Amino acid sequence: MPPHTTASPSTGYRALLRDREFAGLYAGFTLTSGAGPVSGFALGTLVEQQTRSPFLTAVSMYGATFATVLGALTLMSVADGGRPRRTLVALQCLSLVAVAAQAVPGLPLTARFGLLLVVGFFQSLATGTRLGLLAEITPTAAYAPARSLLNITAGGMAVLGYAFGALLLRFLSPQQVFLVAAALAAGGLVAVAATVRERSVRLTRRPGLATTWRTNAELFSHPGRRVLLLNLWVPGGLIVGCEALFISYAPRYAGVLLAAGSAGLLLGDLAVGRLLGPEGRRRCAFGLRLLLAGPFLPFAAHPPLPVLTLTVFLAGAGFAATLPLQERLLALTPEAVRGQVQGAESAGRMTWQGIGAAIAGGLAQWLTPGVAITVLAALSLVVTVGSRPFVRRA
């Protein structure tokens with residue numbers, strides 16, 4: 001019987017971590033998640049120093065997400081391939097090389113942005129493969145707690161990563177900070193390679209462009225899945241655009257604001273994923289999506305730093321709305337393509353983070369960063385409220 005069909009599993013976090021494979025997959029994810037904000041903050045700071053452009057700074061921090069959609073549209077079916085462990089290890093190797101290359105002194109900005117696209121492309125495939133393995137390793141009843149733990153960890157590592165990156169930049173050059181990020185990514189690679197065993201996942205068709213497009217067409221043909229994806233991608237992506245303007249909005253305190261948002265994300269996912277059951281998560285989903293955007297509305301008035309920190313923290317908790325939406329998407333997904341569908345959902349979410357950052361940076365070129373943040377928060381609320389009737393019918 002496949003692992004995800006075992007009966008009466010214990011679904012607590014400690015029970016999950018007692019499983020060697022999940023612990024290895026989790027450790028690899030943790031270290032990789034720490035490398036992202038460290039390298040992103042270093043690159044954003046470097047671009048800000050060289051260009052003084054809010055648009056380029058915002059895109060540099062989240063530019064990798066633009067390429068995730070390319071992976072989702074072309075080769076995401078490898079997420080359900082016959083050798084997922086080998087695939088994940090190979091993809092993480094390629095991403096590691098791209099991150100380490102950012103440490104080359106004097107590298108032109110065009111090359112740095114090109115490396116971002118490489119990281120984003122392979123990150124989307126690695127995410128799909130990792131989530132496909134997660135669905136195999138964990139029992140069905142433990143899937144939501146497992147995703148919650150990953151989300152909590154992502155938030156926690158973002159807090160530590162942004163704070164650690166800001167601290168390192170006081171003593172090291174951005175190029176040296178890139179090397180630290182590469183070391184974290186290498187540790188994540190070793191953790192996965194040493195603990196996760198190979199298995200044959202669900203695919204009965206040969207991975208490739210045609211298989212990817214066929215599955216994506218099936219994914220978007222279902223109206224329930226379409227509206228769930230819209231709410232997983234757009235409102236949060238616009239809010240990430242708000243966060244991409246923190247360096248331009250408050251250069252001295254950007255690390256504090258980014259860490260506060262990540263701390264809110266951690267607490268929100270912990271509360272929603274650990275304390276609430278499926279029905280409780282479903283009932284609070286709409287309120288969480290409102291919480292995601294509402295606190296950013298006052299940014300145009302430039303409130304004091306303690307108020308800003310609190311509002312960003314509260315908004316971060318709103319990202320927990322992804323958990324009930326992801327559960328409902330999984331319930332509407334055929335088992336044979338879980339990896340690809342989850343990878344496409346993650347890729348679309350990250351791509352919309354890049355789109356949100358680009359929109360935010362473009363608005364900030366013409367408006368002030370504070371006004372741009374308020375405008376994006378209002379747009380996020382419009383999408384959430386306008387799509388609510390369709391989400392309820394999904």
Inset, instruction - Report whether or not P139 is touching a residue at least 40 places away in the same chain (Cβ under 8 Å) and in contact with a His (Cβ under 8 Å, 6 or more places away or on another chain). - result: yes
Inset, instruction - Hey, can you tell me all the residues within the range 87-107 that are in contact (Cβ under 8 Å) with a residue 40 or more places away in the chain, of a type in the set (V, I, T) and not in a loop (DSSP other than H, G, I, E, B)? - result: T87, V89, V99
Legend entry - T333 vs. criteria assigned to a helix (DSSP H, G or I), of a type in the set (V, I, T), surrounded by fewer than 24 Cβ atoms within 10 Å (Cβ to Cβ) and more than 20 Å from the chain's Cα centre (by Cα): no
Legend entry - Residue that is farthest from G44 (Cα to Cα) [pool: residues in the range 268-284 that are touching a residue at least 60 places away in the same chain (Cβ under 8 Å) and among the aliphatic types (A, V, I, L, M)]: V272
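Of all the residues that make up the range 17-32, how many are basic (K, R) and either buried (at least 19 other Cβ atoms within 10 Å of the Cβ) or not in a loop (DSSP other than H, G, I, E, B) (or both)?
1
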Legend entry - Some residue of the range 336-343 being surrounded by fewer than 23 Cβ atoms within 10 Å (Cβ to Cβ) and either at pLDDT 85 or above or under 30 Å from T87 (Cβ atoms) (or both): yes
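The values are calculated or read from the model by the stated rules, or taken from the named source; none is laboratory data. Please read these numbers as outputs of a predicted model, since none were measured by experiment. Quick reminder, even Gly has a Cβ in these numbers, built from the backbone with ideal geometry, and neighbours come from all protein chains shown.
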